[in-house]
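The values are calculated or read from the model by the stated rules, or taken from the named source; none is laboratory data. Keep in mind that this is a model prediction, so the values were computed, not measured. Don't worry about glycine lacking a Cβ; one is built from the backbone with ideal geometry, like all the others, and counts go over all protein chains shown. The protein model used for the area step is the full one, side chains on, heavy atoms only, and it has no ligands, DNA or RNA in it. Shrake-Rupley method; radii C 1.70, N 1.55, O 1.52, S 1.80 Å.
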Amino acid sequence: MTDIAQEMENMSIKEEDKLGTGDDDFIVNPWEVVSTSATGVDYDKLIKRFGSTKIDDALIERMERVTGKPVHHLLRRGKFFSQRDMHSILDMYEQKKPFYLYTGRGPSSDAMHMGHLIPFIFTKWLQDTFDVPLVIQLTDDEKYLWKDLTLEQANHMAIENAKDIIACGFDIEKTFIFSDLDFISNSPAFYRNMCRVQKLVTYNQVKGIFGFGDSDCIGKISFPAIQASPSFSSSFPEIFNGRSDIPCLIPCAIDQDPYFRMTRDVAPRMNCLKPALIHSTFFPALQGAQTKMSASDPTTSIFVTDSDKQIKDKINKYAFSGGGATVEEHKEKGGNCDVDVAFQYMTFFMESDERLEEIKKTYTSGELLTGFLKKELIEILQKLIGEHRQRRTTITDEVVRQYMTPRKLKFDYPPPTPPSEKKKKKKHKNTKAV
Ligand code: TRP
């Protein structure tokens, strides 16, 4: 192959992968989510821009059919709305072949807020429903590179966040949580995969995908290889017995997709499987979907460490209301559920579809006042966070140590595909050594 042909092939990371700061009224990348519209990001446009697939009724029906269970309300209500290769994962599941889950968190504060919990609540449901192992990456290295933090501070936050993640109820026999700073230096298999990724992605490509510039430190430029590597089962020989053929499903917020587009691009050239993805929308800030939740501004979100009183005061004081300016106006014109933050939060946390529908109807008609809507949300969140707080107190340093120890996870692995079949299946003819 000529150099030019090789370069063209390498450029399979396409135009639409670029940052997308064009004419649209929103920006979405791993470090920035901004929208000028009161209803937030236009997710249909985002699917087009990123080249993923919308989750449709057929996929949801199939999930219910193969698992014999109703899907989680976050899926039913379109909070998880986009995917890549979910049908292949369901094929595997139907054939009783294993897959594993991978998700993560960039620990930038000691306390997590409700938005941070969403992917973990959903991942717990996936783990329970499909009965599969899970790896959780805490990217303390990423936060060290991007924020004004010392290594020790970032690592400390990772361990504190691990406690909140464990409190979501993950099965200790099927879950491995790791801090990049602690794990990678002792993990030759992980580091080898990182190197393979680093060799396959050019500076031009990461510039296109992530928008890095000449003054970004080189740590940032190579970081995507670190977030890519847990997508390959061969990065965790302790867990997967050295198997490199276990497919991976990544639940994450859609802003993380650029990392995994890159991962999927390099996977075949590493003789690895492309990870499948299931993407969530963003959780709105108290002030509304066009504003940003900030871990450093406590008035923009509800934290898992907030007291019952703080939850109540924050919602009453800050939650953007879609109701009328006066009771008279509200009764006349009704409330707007699309921009009302209390209603939006309920769509994430209220379990009953019937109650949610009733609230929507009576709030839209003007019958239900903002105060009542907020009161109901306060009760839901006080209960949810109260239970979380309770579970968190039971998590000792010893429990954290157990989750964070590399070990074989409880799981049945059928024998690997025999080499004869493997050859037949192999489609990629790239001969370059990686
Ligand atoms: N970069 C993510 C963040 O800042 C953390 C992360 C690492 C992650 N690996 C992941 C998130 C996989 C979702 C899925 O939060």
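If only one of L384, L409 is in a loop (DSSP other than H, G, I, E, B), at pLDDT 65 or above and of a type in the set (A, V, I, L, M, F, W, C), which one is it?
Result: L409 is the single residue among L384, L409 that is in a loop (DSSP other than H, G, I, E, B), at pLDDT 65 or above and of a type in the set (A, V, I, L, M, F, W, C).
Does region 319-353 hold any residues that are within 21 Å of V71 (Cβ to Cβ) and surrounded by 13 or more Cβ atoms within 10 Å (Cβ to Cβ), and which are they?
The answer is Q344, Y345, M346, T347, F348, F349, M350.
Condition check: of a type in the set (D, E), modelled with pLDDT of 95 or more and within 16 Å of the ligand (Cβ to nearest atom). Does D56 satisfy that?
No, not satisfied.
Tell me which of these P237 doesn't satisfy, since it passes every other one: (1) crowded, with 21+ Cβ neighbours inside 10 Å; (2) within 19 Å of T175 (Cα to Cα).
Going through (1) crowded, with 21+ Cβ neighbours inside 10 Å; (2) within 19 Å of T175 (Cα to Cα) one by one, P237 breaks only (1).
Looking only at region 324-353, count how many residues are touching a residue at least 24 places away in the same chain (Cβ under 8 Å) and among the hydroxyl-bearing types (S, T, Y).
Adding up the residues that qualify gives 2.
Can you tell me which residue within region 354-390, out of those that are free of Cβ contacts under 8 Å to residues at least 40 places away in the same chain and among the basic types (K, R), is most open to solvent (accessible area, probe 1.4 Å)?
Selected residue: K361.
Can you name every residue in region 169-216 that is open to solvent by less than 20 Å² (accessible area, probe 1.4 Å), under 30 Å from T305 (Cα atoms) and not charged (D, E, K, R)?
F170, T175, F176, I177, F178, S179, F183
Tell me which residues, restricted to region 98-117, are more than 10 Å from the ligand (Cβ to nearest atom) and part of a strand (DSSP E or B).
Correct list: Y100, H113.
Which ranges mark the helices (runs of 4 or more DSSP H) fully within region 198-263 that have 2 or more residues being modelled with pLDDT under 95, more than 10 Å from the ligand (Cβ to nearest atom) and in contact with a helix residue (DSSP H, G or I) (Cβ under 8 Å, 6 or more places away or on another chain)?
203-210
Restricting region 134-151 to residues that are closer than 13 Å to D110 by Cα and out of contact with any strand residue (DSSP E or B) (no Cβ under 7 Å at 6 or more places or on another chain), which is nearest to the ligand (Cβ to nearest atom)?
Checking each candidate, the answer is K143.
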